[in-house]
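Q: Dumping the structure here so I can ask a few things about it.
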Amino acid sequence: MNIKVGDGIKTVLIIGAVFFLCGSSFPEKNKLIQAKISAEIQIPKWYHEGLYFDGKNVWVNNGEGGKTWVVDTSSGSVIKEIEPVGTFTESITLKSDNLFFVTDWNSEKIYTIRIEKGRMIAQSEVCVSPAHPAGAIWNGSNLFVITWTRGLYGTKFHIIKMDDKFNIATKKRINRIQEPAHLAWDGKNLWISSWYDRRVYKVEPENFEITGYFKSPVERTTGIAWDGRYLWLTGTNANLYRIEIAMTKKNQEEK
C-alpha cells in the first residue's frame with residue numbers, strides 16, 4: 001500500500017452557492033473556496049461504496065458481493081473484513097455502541113445491525129421498496145438516507161429524514177444533484193457526493209439547502225466520511241483521498 005501526502009498533490013475548488021435540492025436554477029454568482037488533497041491512500045480494487053470513520057480507521061463498503069473493509073489510514077492496509085447483512089452493502093453509520101444503521105441496495109432495506117464475530121447481525125429492518133437505499137448518515141438525532149427509485153421515465157432521487165425507529169419526518173425530491181450517492185456529517189452540515197458529475201455538495205440539514213460544492217478529484221465518486229478535520233472520499237474503483245477544506249472566516253464561525 002502506498003500513501004502520497006503533501007500540500008502540492010492537487011488543489012480543488014469549492015464553489016459556494018445557495019440553491020435547493022429541489023430547485024431548477026443555479027445562481028450565476030458563486031463564491032470560490034479552496035480545498036486540497038492532503039493524502040491519497042492506495043487500497044485494493046472493488047466496487048467501493050460508502051465510507052465510515054470510526055475515530056481511527058476508515059471503513060469501506062464494497063457493494064455487490066463484497067465485504068466491509070476496515071482500513072488503517074496510516075498504511076492503507078485492510079486490517080479487518082466484516083461479512084455483510086445482505087448482498088450489496090451501500091452504507092454503514094454508527095447509532096450507538098456497536099449498533100449501526102446499514103443500507104443494502106439489493107434487498108431495498110435499511111437495517112440496524114450489531115457486529116458479532118466479524119459478521120453484521122440484523123436487529124431490525126425496514127423495506128423502502130420500490131426504492132433502493134444508498135447513502136446514510138446518523139447525526140445523533142436523525143437518520144438521513146438517499147434513495148433511488150427507477151422507472152420507465154428515469155430515476156427519481158430522494159433524501160429521507162427519519163428517527164431511529166425508521167419513522168419518516170421529511171422526504172424530499174433531489175433534482176439539483178445528479179445521481180447522489182453517499183452522505184457525511186460534519187457536526188453541522190450534510191455533505192452529499194455525486195457519482196455522475198464528480199461533485200461533493202454541502203447541504204443545510206433542515207431545509208436541504210445547498211450552500212456550496214467542490215469538484216471531486218475522484219472519478220465516479222461514491223463514499224464520503226468526515227473525521228473531525230478532513231473529508232475522506234473514494235470512488236467505484238478508486239483509492240482513498242483525504243480532503244482538507246479551506247478554513248474561511250465563515251467556516252470558522254460555523255465551527
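Rule-based calculations on the coordinates, nothing more; no lab input. In this text, all values refer to a predicted model and were calculated from it rather than measured experimentally. All Cβ positions, even for glycine, are placed from backbone atoms using ideal geometry, and neighbour counts span all protein chains on display.
Q: Are there any trypsin sites (Lys or Arg not before Pro) in segment 55-147 that are in a DSSP loop and have at most 15 other Cβ atoms within 10 Å? List them by number. List each step's numbers first, then the result.
A: On the way: sites: LYS56, LYS67, LYS80, LYS95, LYS109, ARG114, LYS117, ARG119; in loops: LYS56, LYS67, LYS117.
Those that pass, being in a loop and sparsely packed, are LYS56, LYS117.
Q: Report the residues of segment 41-80 in range of a label on ASN237: point 7 Å along Cα→C-beta, backbone N strictly under 16 Å from it.
A: 43-49, 63-64
Q: If the chain between GLU219 and GLU116 were fully stretched, how many nm would it gain, using 0.36 nm times the residue separation less the Cα-Cα distance?
A: 33.7 nm
Q: Return, for the Cα atoms of segment 44-145, the radius of gyration and Dmax in Å, separated by a comma.
A: For segment 44-145, the Cα radius of gyration and maximum Cα-Cα distance read 12.7, 40 Å.
Q: Continuing with this model, one more query. Evaluate the charge dipole of segment 57-173 about its Cα centre and quote only its size in Debye, nearest 20, assuming +1 on the Cβ of each Lys and Arg and -1 on the Cβ of each Asp and Glu.
A: Values: 14 positive and 12 negative charges, 89 e Å.
Charge dipole of segment 57-173: 420 debye, to the nearest 20.
Q: List the residues whose amide H sits under 5 Å from the amide H of SER77, counting only those 5 or more places along or on another chain, with H placed 1.01 Å from N in the peptide plane.
A: For SER77, whose amide H was placed from the backbone, the distant partners under 5 Å are ASP72.
Q: If you don't mind, there's one more thing I want to ask. Calculated FRET efficiency, SER96 and THR211, Cβ-Cβ r, R0 25 Å, to nearest 0.05? Working shown, then result.
A: Numbers: r = 29 Å, r/R0 = 1.17.
Once the sixth-power term is evaluated, E becomes 0.30.
Q: Return the subset of LYS45/LYS80; LYS165/LYS188; LYS56/LYS202; LYS45/LYS117; LYS45/LYS67; LYS161/LYS215 for which the Cα-Cα distance in this structure is over 18 Å, preserving the input order.
A: Details: LYS45/LYS80 16 Å; LYS165/LYS188 22 Å; LYS56/LYS202 24 Å; LYS45/LYS117 25 Å; LYS45/LYS67 12 Å; LYS161/LYS215 26 Å.
Correct reply: LYS165/LYS188; LYS56/LYS202; LYS45/LYS117; LYS161/LYS215.
Q: Give me LEU183, LEU94, LEU152 sorted ascending by neighbouring Cβ count inside 10 Å, so fewest comes first.
A: Values: LEU183 29, LEU94 16, LEU152 4.
By the 10 Å Cβ count, ascending, the order reads LEU152, LEU94, LEU183.
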